[in-house]
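One structure is given below, encoded as structure tokens.
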Amino acid sequence: MVLAFGLCLLASEILLPADVGTVDQLIWAEKDLIILDNANVSLWSRDQAGKTTLAYHREGSGPGELKRLSRIGFFDGQFYLCDLVGRKIVVLSRDFSHVRDIMVPVLPRDVFKLEKDLFFVYPDKKTMVHRMDEEYEATLSFGSMIGQEQLFGFEAGRLLTHDGKLIFIHHFMPGIEFYEPDGTLSKRVNLPGESEKPLVSWTPTEQFKFTKRIKDVTIKDSKLLILMHLGAEDAYEIYAYQFNTGKFTDRVRVPSIKFDGSGGSFEVLETETSYALKAYQLP
């Protein structure tokens, strides 16, 4: 293994087909790597044999069709696709067959399933988390740490779960919120050295400006790993939060990576003709 920025390089570069427009998200579905390609409103699947194929592409506004993907999740053998513009969550089986559309009255930014309930993030005057029960009927909405700025809220954030609690992290707020499934806020933890202030500012002259931005989060073993983009330096760091102690420990400089949702990560490289991936083991 080769050490790079404190990470272990696991394999040689993986070259993706030239038809892949963008690499916006990477997740594992059992032993296949799934690639979200928002430029083509598509999903690609890379199997164990190293073959990458177009798995799902249905653009439009009809059943099973998509307008713009924001995030995807894989829970209980099914894919959940957030269609930001179509205002729905499209559910696919493991073989990418269309199961159903869940229509929602908001813009779904991220999705997570906890037991039989479905949670998704959407922007409002606050960034909100919305819960739907197993019949996919609205049951609850609750606000996040973000203030009354819809500009920040539109960026939304990420949802995860650990030990029966829902974890919410906003891209531009320096903290972690832990919620009970009924929407009760049980705990909030700030990132080291940060206050309650947002990591971003907006003025009529400077417009949108950030010094730091949370790019991604994942869980590995007993740690919550937070990938931070340092705007001024155009560099990246990982913060490690220990669930058992409730404290931050490690902090390591890393390349521009994307978490794969299963405790690993990939660096996305752009070649002259296509994209390539480098796999790294996280700390």
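Within segment 87-99, residues that are closer than 14 Å to residue 69 by Cβ have Cβ atoms under 7 Å from residues that are β-branched (Val, Ile, Thr) and outside any strand (DSSP E or B) in these pairs: 87/104; 87/106; 88/104; 89/104, counting only partners at least 6 apart in sequence or on another chain.
Answer yes or no: is there a residue in segment 245-253 that is surrounded by 21 or more Cβ atoms within 10 Å (Cβ to Cβ) and not aliphatic (A, V, I, L, M). No, there is no match, as no residue in segment 245-253 is surrounded by 21 or more Cβ atoms within 10 Å (Cβ to Cβ) and not aliphatic (A, V, I, L, M).
For segment 76-87, the count of residues that are β-branched (Val, Ile, Thr) and either modelled with pLDDT of 95 or more or not in a loop (DSSP other than H, G, I, E, B) (or both) is zero.
The requirement of being within 21 Å of residue 140 (Cα to Cα) and either of a type outside the set (Gly, Ala, Ser) or buried (at least 16 other Cβ atoms within 10 Å of the Cβ) (or both) is not satisfied by residue 79.
Residue count for segment 168-183 satisfying the condition of being among the hydrophobic types (A, V, I, L, M, F, W, C) and either in contact with a helix residue (DSSP H, G or I) (Cβ under 9 Å, 6 or more places away or on another chain) or within 14 Å of residue 239 (Cβ to Cβ) (or both): 4. All told, residue 73 meets the bar of being under 24 Å from residue 158 (Cβ atoms) and surrounded by 14 or more Cβ atoms within 10 Å (Cβ to Cβ). Can you pull out the residues in segment 181-191 that are part of a loop (DSSP other than H, G, I, E, B) and either touching a residue at least 60 places away in the same chain (Cβ under 8 Å) or surrounded by 12 or more Cβ atoms within 10 Å (Cβ to Cβ) (or both)? Within segment 181-191, 181, 183, 191 qualify. If the condition is being in contact with a Cys (Cβ under 6 Å, 6 or more places away or on another chain) and hydrophobic (A, V, I, L, M, F, W, C), then segment 90-127 contributes only 111.
The values are calculated or read from the model by the stated rules, or taken from the named source; none is laboratory data. For clarity, every value in this text was computed on a predicted model and none was experimentally measured. Neighbour counts are summed over all protein chains in view; Cβ atoms, including those assigned to glycine, are modelled from backbone coordinates with ideal geometry.
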